[in-house]
Amino acid sequence: LRMQKILRFIEEHYAEDITLTDLSMSANISKSECSRCFKISLNTTPYKYLVEYRLSKAAILLQETDKPVGEIASCTGFHQASYFGKCFREKTGFSPRD
């Protein structure tokens, strides 16, 4: 139930700046408990999950819209197009433009 609340919070706010405090408050638990829940449930960290979620949303936008890469980066929560490009390349092996 706690993870459902946290994951729903991410779905609703992924484009915003999200901190571990925000995530833990969404489920009314401590930051350390939040990190532990991610480790146990998803075998990852809250930050890595958030980046993966943002990348999946960005991939959809890249395929289905003609928006510029920089705009897609910022509307999926990446402040710097260069960081977005780096993360996207690491995950997919392609640059966002490809």
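Within the stretch 10-31, at least one residue is small (G, A, S) and within 26 Å of D98 (Cα to Cα). Note on the stretch 2-27: residues that are open to solvent by 30 Å² or more (accessible area, probe 1.4 Å), touching a helix residue (DSSP H, G or I) at 6+ places or on another chain (Cβ under 8 Å) and of a type in the set (S, T, Y) amount to 3.
Just to be sure, is S30 among the hydroxyl-bearing types (S, T, Y), loosely packed, with under 14 Cβ neighbours inside 10 Å and at pLDDT below 95?
Numbers: among the hydroxyl-bearing types (S, T, Y): yes; loosely packed, with under 14 Cβ neighbours inside 10 Å: yes; at pLDDT below 95: no.
Criteria not met by S30.
For the stretch 58-79, the tally of residues that are over 14 Å from the mean Cα position of the chain (by Cα), open to solvent by 50 Å² or more (accessible area, probe 1.4 Å) and among the polar types (S, T, N, Q) stands at 1. Figure legend. Inter-residue proximity from the stretch 27-47: first residues free of Cβ contacts under 8 Å to residues at least 40 places away in the same chain and among the acidic types (D, E), second residues in a loop (DSSP other than H, G, I, E, B) and surrounded by 13 or more Cβ atoms within 10 Å (Cβ to Cβ), beta-carbon distance below 9 Å, spacing 6+ or different chains. Indicated pairs: E33/A27. Restricting attention to the stretch 75-95, the residues that are within 22 Å of H13 (Cα to Cα) and in contact (Cβ under 8 Å) with a residue 24 or more places away in the chain add up to 8.
The values are calculated or read from the model by the stated rules, or taken from the named source; none is laboratory data. Predicted model only: the values in this text are computed from it and were never measured. For neighbour counting, all protein chains shown are included, and Cβ atoms are generated from backbone atoms with ideal geometry for every residue, glycine included. Side chains included, ligands, DNA and RNA excluded: accessible areas come from the protein's heavy atoms. Shrake-Rupley method; radii C 1.70, N 1.55, O 1.52, S 1.80 Å.
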